[in-house]
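Undergrad: Below you'll find the structure I mean.
The values are calculated or read from the model by the stated rules, or taken from the named source; none is laboratory data. Note that the structure is a prediction, hence the values are computed from the model and not measured. Reconstructed Cβ throughout: ideal geometry from the backbone, glycine too, with neighbour counts over all protein chains shown.
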Amino acid sequence: MKRLMKALGDDGLDEFGEMQLESLAEQSGDEESDEEGGESESESEAEEDIGSVNGKEVDDDMEGGSEDHEEEEDDEGEGEDVLLDDVESVDDDTVPRQKLEIDNKVALERIRETIKLDSALPWTETLAVTYRSTIDVDVEDDLSRELAFYKQALDGANTARTLAAQHKLPFTRPPDYFAEMVKSDAHMERVRQRLLDESATIKRGEEKKKEREGKKFGKQMQIEKLKERERSKKDMDEKLKSLKRKRKDGALDNPQDDGDAFDVAVEDAISDRPAKRGRGGAKTKMSRTARDGKFGFGGKDRRSKQNTRESTETFDFGGGRGSRGGRGGGRGGRGGGKRLGKSRRMNTRGK
Amino acid sequence: MASVLKTRSANAAKADAKGKGKRRLDVDEDNDELMAGTDAPPKRKKNKQRVLLLSSRGITHRMRHLMNDLEALLPHVKKDSKLDSKSHLHLLPELADLHNCNNTLYFEARRHEDLYLWAAKTPNGPSIKMHVQNVHTMDELKMTGNCLKGSRGIVSFDESFDATEWGRLTKEVFTHIFGVPPGARRAKPFIDHILTFSILDSRIWFRNFQIMEKDPLQPNGPPQTSLVEIGPRFVLTPIRIFEGAFSGATVFSNPEFISPAAVRSALKREKGDKYQVRKYTDAERSGRRERRRREEEDLAVGNVFA
């Protein structure tokens, strides 16, 4: 109400109008306090009242004729509001937009009576049956819907057979009755071919799947076998080599020894190979952390390739390795072979 | 062999009856009497139905195939050439009369994509206009059944047809049109398929099944009925029922029916609306940016340290 007054006040009502409005406001305020919740109703009532009030004012002012124009404008504004309200209400009505439904049951029944077949006609004249239940399934669910239709048809077929038996109507086609069919033989052949193709495709797919699975497994097996063979070959080679070396050493010691001993040694080596390997495998590795602690770990030094003071001062380009020290490769052990045992080294030094 | 003989004699008897009927058809002007069979000899009443099947111009191959399927299934159907004009439906009753038909199935194609089916009792009505959707013809390889050409099919309705008045009327009309009368010219004496009409989702669903009484895998086993779909299949949405044949007052209209053109245009409009909203928001955003731009101040950094 106050908002309304403000809105109207902008347009400049005369005192009389304001007075009336105020009194109205009091009234409507009372109403509002009386019936809480009926706000909108009272407001609309108030609006209507205002309209009427303005109309009165116009009548009054016709005599004075001073603020005629403004008042008329106000009136028009109110009129527009009312019109809008009307339009809104119309919209509300049309929201559930429905077409006009015609269902003239009387006429339908009359028409049905006129065209109805004689009820005295035997069933064999029409062959119509009614399924004694409604189809009540989800429309979107194809499978259950088709199943419902199938059930209806099956029920219809069964009732029809009993009815046909009652009316002595031939129902089943005897196997020696041949006549033109709805679908030609060529078409039925295509249908059959398609069914066969379908089943063949399924079978083939399954076979392929099995094969693929077998292949995967077989391949693994083969790889494993190859690896195993290679490993065993390598082991054998090593064994033989070491034996040969030993034998050479031994031959130097006692040249009388003949091939028998070597063979025995080979056999020994071959036979006890797995045991040896097992022992070798049984040697426990140190843990990762322990190895890191012992051998050092920590990736490449980031500045390992940068020049340092030493590297710039040395003019030693041959090394290629150990650019930091420059003299890292200076051990000179290249091509020297294995380091001899301690006693031998001592011996040579002693000599 | 005995059965063949029997059927032949039965056919002969039928042909006799038919010959008489034909003559009477030629003589009689009033189809109503024919249809009700009141004219037949008093000892035996007969159901006489003949259906004129035709389409409008502009049907697609699929619709044409559906029509051919119906013709193959219903021996009492007389197929006619396409009707030239869609606005001169009043010609149809005359045409039906010329062909001695008391029923008409008229397929009306619109815009080469929508198919409507009129099922009418011709001289005096009523006529039912329906929208045909989800058409699958008999040519599809998924429909593996087969039946004798011209065998009389059973017509099965579900119970919802009896629930409404328009359903009862539709059932009656469909019984006339899709039920093959025993005297039909090319009718075969055995029953090996069933046409089902079911109301679901306030539409009429049509299916056609072959009745197999023996399991094909074990031909000597006990008789066990199973069904194989023959086709065609389609869904009919009733639109209106008129009192006359292709004319007259509307006695029923389906309020739920929305024409396919309206559906398509609504879809298009939705798409267009999306675009419009996007464009509007784009324009609004750019406008807002313009409005938010502040005037250059005297004390702006650029002005002070110019």
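Undergrad: Output the residues belonging to segment B:205-241 that are assigned to a strand (DSSP E or B) and more than 11 Å from every other protein chain (Cβ to nearest Cβ).
TA: B:PHE234, B:LEU236, B:THR237, B:PRO238
Undergrad: Count, please, the residues in segment A:97-112 that happen to be surrounded by 13 or more Cβ atoms within 10 Å (Cβ to Cβ), assigned to a helix (DSSP H, G or I) and of a type in the set (A, V, I, L, M, F, W, C).
TA: The total comes to 3.
Undergrad: Could you go through segment B:205-217 and let me know if any residue there is more than 17 Å from A:TYR150 (Cα to Cα) and either acidic (Asp, Glu) or in contact with an Asp or Glu (Cβ under 7 Å, 6 or more places away or on another chain) (or both).
TA: No, segment B:205-217 contains no residue that is more than 17 Å from A:TYR150 (Cα to Cα) and either acidic (Asp, Glu) or in contact with an Asp or Glu (Cβ under 7 Å, 6 or more places away or on another chain) (or both).
Undergrad: Of the numbered conditions (1) within 12 Å of chain B (Cβ to nearest Cβ); (2) at pLDDT 90 or above, A:ASP136 satisfies every one except a single condition; which is it?
TA: With respect to (1) within 12 Å of chain B (Cβ to nearest Cβ); (2) at pLDDT 90 or above, A:ASP136 is out only on (2).
Undergrad: Shifting gears a bit: Step by step: first the residues of segment A:145-171, then only those that are more than 17 Å from B:SER226 (Cα to Cα) and among the small types (Gly, Ala, Ser), then the one that is farthest from the other protein chains (Cβ to nearest Cβ). Which residue is that?
TA: For segment A:145-171, the residue satisfying everything is A:ALA165.
Undergrad: Still on this structure: For segment B:166-196, which positions are in contact (Cβ under 8 Å) with a residue 12 or more places away in the chain and of a type in the set (Asp, Glu)?
TA: Hit for segment B:166-196 is B:ASP192, nothing else.
Undergrad: Now a separate question. Please list, ordered by first then second residue, the pairs with beta carbon atoms under 8 Å, 6 or more apart or interchain, first in segment A:113-125 and in a loop (DSSP other than H, G, I, E, B), second loosely packed, with under 14 Cβ neighbours inside 10 Å.
TA: A:ASP118/B:THR38; A:PRO122/A:HIS167
Undergrad: Looking only at segment A:148-158, decide whether some residue is over 19 Å from B:THR170 (Cβ atoms) and either in a loop (DSSP other than H, G, I, E, B) or modelled with pLDDT under 90 (or both).
TA: No.
Undergrad: Which one of the conditions (1) closer than 30 Å to B:LEU148 by Cα; (2) in a helix (DSSP H, G or I); (3) over 41 Å from the mean Cα position of the chain (by Cα) does A:VAL191 fail to meet, given that it meets all the rest?
TA: (3)
Undergrad: OK, next. Restricting to segment B:242-300, count the residues that are over 30 Å from B:LYS129 (Cβ atoms) and part of a loop (DSSP other than H, G, I, E, B).
TA: 8
Undergrad: Being in contact with a Phe, Trp or Tyr (Cβ under 7 Å, 6 or more places away or on another chain) and part of a loop (DSSP other than H, G, I, E, B) is the filter here, so list the residues in segment B:143-200 that pass it.
TA: B:GLY145, B:PHE190, B:ILE191
Undergrad: Could you list, ordered by first residue, the pairs with Cβ atoms under 7 Å in which the first is in segment A:172-199 and facing chain B (nearest Cβ under 7 Å) and the second is among the acidic types (Asp, Glu), at least 6 apart or interchain?
TA: From residues that are facing chain B (nearest Cβ under 7 Å), the pairs are A:THR172/B:GLU213; A:ARG173/B:ASP192.
Undergrad: Could you look through segment B:132-179, keep only residues that are more than 9 Å from chain A (Cβ to nearest Cβ) and in contact with a helix residue (DSSP H, G or I) (Cβ under 7 Å, 6 or more places away or on another chain), and pick out the one that is surrounded by the fewest Cβ atoms within 10 Å (Cβ to Cβ)?
TA: Of everything passing the filter in segment B:132-179, B:VAL135 is surrounded by the fewest Cβ atoms within 10 Å (Cβ to Cβ).
Undergrad: Let me ask another. Just name the residue that is surrounded by the most Cβ atoms within 10 Å (Cβ to Cβ) out of those in segment B:199-231 that are in contact (Cβ under 8 Å) with a residue 12 or more places away in the chain and basic (Lys, Arg).
TA: The qualifying residue surrounded by the most Cβ atoms within 10 Å (Cβ to Cβ) is B:ARG207.
Undergrad: Against the definition (more than 9 Å from chain B (Cβ to nearest Cβ) and surrounded by 10 or more Cβ atoms within 10 Å (Cβ to Cβ)), how does A:ASP235 come out, yes or no?
TA: Here the answer is yes, as A:ASP235 does meet what is asked.
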